[in-house]
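Every read-out reported here was derived from the displayed coordinates using simple, explicitly stated rules and does not represent laboratory data. The structure presented is a predicted model; accordingly, all values stated were derived computationally and were not measured. Note that each Cβ is placed from the backbone with ideal geometry, even for glycine, and that neighbours are counted across all protein chains shown.
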Amino acid sequence: MKFSKAPLAAVVLAFCITPRSTGRLISEPSYQELLDKSDLVIIATPITKTTDTKEVSFLPNIFDSKKFVFALSHSRAGRTLRTDRRAD
């Protein structure tokens, strides 16, 4: 019994070419936009590894069944920038 490989190849190709789905479309701000909207910017370098804390939280109405563990990391501030924004 001989099978043609063309239908199988077509099905595999159809699954590979399907468009990528996105959950939510969000805008990604540039560093300049973030700087323009901020009052204080601290550029820091981590000095310890990230460790989990004992704090646990849930986000109701967002992720109902997932729990989130807080993390802690110590850093050394390298530069501090203050913006000169006027209150509108």
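At R0 = 30 Å, how high is the FRET efficiency between residue 49 and residue 14 if r is their beta carbon distance? Nearest 0.05 is fine. Write out the running numbers ahead of the final one.
Values: r = 45 Å, r/R0 = 1.51.
The value I calculate is 0.10.
Would you pull out the residues with amide H under 5 Å of residue 44's amide H, same chain only if 5 or more places away, H placed 1.01 Å from N?
Result for residue 44 returns 78.
Place a +1 charge on the Cβ of each Lys and Arg in segment 25-82 and a -1 charge on the Cβ of each Asp and Glu, then give the dipole magnitude about the Cα centre in debye, rounded to the nearest 20.
Charge dipole of segment 25-82: 320 debye, to the nearest 20.
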